[in-house]
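Enquirer: Got a structure here, written out as structure tokens. Questions coming.
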């Protein structure tokens with residue numbers, strides 16, 4: 001085989017390997033972005049369900065103390081906690097401004113600012129949680145789906 005043909009084959013080989021590497025990098029980037037989008041979606045729905053549940057719980061509260069109690073109870077249910085540990089009680093206490101903002105926003109005379117305060121308080125809570133627990137708050141609501149054995153029914 002000629003030296004020129006060998007160089008040509010070597011060039012084709014380099015191009016093929018470069019294309020393979022580019023494809024692998026692209027697939028890795030797609031996978032990473034897909035996981036990011038999946039987490040964003042999951043967090044958005046968890047946030048929605050949490051806020052709706054607590055909003056429903058506090059909307060009929062007769063006063064601030066009742067709103068706090070109803071909100072704390074709903075919060076514990078949503079994150080599947082008992083409130084039995086000091087750490088859990090601290091998180092519930094830190095969530096209280098969100099609960100009170102929801103209660104204020106649920107009143108018939110509530111303003112757009114009251115509704116905006118819910119978002120502001122929730123963002124502040126999530127930031128606090130992330131900094132103090134070194135994890136995103138909404139990961140608490142992640143539920144592992146247990147694998148069950150396949151059973152045939154006859």
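Read the figures in this text as sums done on the coordinates, not as results from a lab. From a predicted model like this one, the values you see are computed outputs, not experimental measurements. No Cβ is skipped: glycine too gets one built from the backbone with ideal geometry, and neighbour counts run over all protein chains shown.
Enquirer: Just to be sure I understand, how many residues within the stretch 74-84 are surrounded by 15 or more Cβ atoms within 10 Å (Cβ to Cβ) and assigned to a helix (DSSP H, G or I)?
Expert: Residues meeting the conditions: 5.
Results for (1) touching a residue at least 40 places away in the same chain (Cβ under 8 Å); (2) over 20 Å from residue 49 (Cβ atoms); (3) loosely packed, with under 13 Cβ neighbours inside 10 Å, shown as yes or no for each residue.
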{"site": "86", "(1), (2), (3)": "no, yes, yes"}
{"site": "95", "(1), (2), (3)": "no, no, no"}
{"site": "111", "(1), (2), (3)": "no, yes, yes"}
{"site": "135", "(1), (2), (3)": "no, no, yes"}
{"site": "138", "(1), (2), (3)": "yes, no, no"}
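Enquirer: So residue 90 ticks every box in (1) part of a helix (DSSP H, G or I); (2) without any contact (Cβ under 8 Å) to a residue 12 or more places away in the chain; (3) within 18 Å of residue 104 (Cβ to Cβ) but one. Which box is left unticked?
Expert: For residue 90, the failing item is (3).
Enquirer: Confirm whether residue 34 is loosely packed, with under 13 Cβ neighbours inside 10 Å and outside any helix (DSSP H, G or I).
Expert: no
Enquirer: Of the residues that make up the stretch 52-62, is at least one surrounded by 10 or more Cβ atoms within 10 Å (Cβ to Cβ), within 21 Å of the chain's Cα centre (by Cα), under 30 Å from residue 99 (Cβ atoms) and touching a residue at least 40 places away in the same chain (Cβ under 8 Å)?
Expert: Yes; the residues of the stretch 52-62 include at least one that is surrounded by 10 or more Cβ atoms within 10 Å (Cβ to Cβ), within 21 Å of the chain's Cα centre (by Cα), under 30 Å from residue 99 (Cβ atoms) and touching a residue at least 40 places away in the same chain (Cβ under 8 Å).
Enquirer: Would you check which residues across the stretch 113-133 are crowded, with 16+ Cβ neighbours inside 10 Å and without any contact (Cβ under 8 Å) to a residue 60 or more places away in the chain and list them?
Expert: Listed by number, the residues that qualify are 114, 117, 121, 125, 126, 129.
Enquirer: For the stretch 94-111, check the following and say yes or no: at least one residue is more than 22 Å from residue 66 (Cα to Cα) and part of a helix (DSSP H, G or I).
Expert: Looking through the stretch 94-111, none of the residues is more than 22 Å from residue 66 (Cα to Cα) and part of a helix (DSSP H, G or I).
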